[in-house]
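This report concerns only the one structure given below.
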Amino acid sequence: MAIKKIILMKIDKDMVVSLTYELRTTTNEKELIEKVQKDKPLEFITGRGFLLPKFEENLTGLCVGDQFDFILQSNDAYGDFTEKAIIPVPISAFLVDGKVDHDILTIGNVIPMIDQDGNKLNGVVVELTETEVKMDFNHPLAGEDLHFKGQVEEIRVATEEELSHEHIHSHSDHSCDSCDSCDCGDDKQGTCENDCNG
């Protein structure tokens with residue numbers, strides 16, 4: 001009786017990958033920044049720019065069940081902390097119906113904003129005056145080396161439909177408004193990764 005050779009699928013470009021992991025910074029390994037568990041794993045299509053390039057690079061070649069443990073230097077993660085990202089914003093930018101919304105202007109509060117190019121970004125209120133709000137637009141993990149430790153849960157080849165729509169179609173109910181424009185339709189099942197939940 002011939003023995004069939006089993007070929008294990010490895011992480012490569014244009015695959016749907018499911019991961020569980022813990023994230024800490026090297027400056028404080030005791031503090032858990034993020035924990036992704038099996039009931040809600042991180043799912044993404046490789047090679048599409050959804051995640052940090054070096055993060056994906058460290059996963060390439062792994063199989064289901066493989067564990068990973070690596071550190072991303074800050075310049076391969078969210079960059080260095082920079083004073084240039086702390087910007088004074090005119091208080092008039094926070095006018096709502098002609099009045100300044102003082103409820104959101106609290107030191108330490110994170111405010112979602114849009115820059116002049118239409119990019120979404122979050123700013124932290126660091127200082128207030130009568131005329132302006134000083135905001136820090138550095139990523140919360142800027143300047144930090146990131147320590148990822150986890151396991152590959154699932155790997156499969158992405159479908160042509162997923163690649164053209166640039167998001168995953170899973171087996172859960174498909175409730176993504178933005179998929180109306182990409183013809184996913186209500187008859188298809190899936191979870192969208194692209195701006196569908198925000």
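Just so you know, all these numbers are worked out from the coordinates, no wet-lab data involved. Since the model is a prediction, treat every value here as computed from it, not as a measurement. Backbone-built Cβ (ideal geometry, glycine too); neighbour counts: all protein chains shown.
Structure summary
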{"quantity": "Residue-by-residue Karplus 3J(HN,Hα) for segment 157-167, coefficients 6.51, -1.76, 1.60, Hz, glycine and proline x", "calculated": "6, 5, 6, 4, 5, 5, 5, 6, 8, 6, 7"}
{"quantity": "Estimated distance in nm for a label pair at Ser164 and Phe68, the labels positioned 7 Å out from Cα along Cα-to-Cβ", "calculated": "2.9 nm"}
{"quantity": "Coil-residue GluC sites (Glu not before Pro) of segment 67-152, DSSP, other Cβ within 10 Å capped at 12", "calculated": "Glu130"}
{"quantity": "Pairs beyond 21 Å (Cα-Cα), from Lys30/Lys54; Lys30/Lys84; Lys84/Lys149; Lys10/Lys149", "calculated": "Lys30/Lys54; Lys30/Lys84; Lys84/Lys149"}
{"quantity": "Counted charge near Glu31, where neighbours are those whose Cβ lies closer than 15 Å (Asp, Glu -1; Lys, Arg +1)", "calculated": "-1"}
{"quantity": "Segment 84-136: relative contact order in percent, alpha carbon pairs under 8 Å with at least 6 residues between", "calculated": "41 percent"}
{"quantity": "Rg over Rh [alpha-carbon atoms, Kirkwood Rh] for segment 84-136", "calculated": "0.93"}
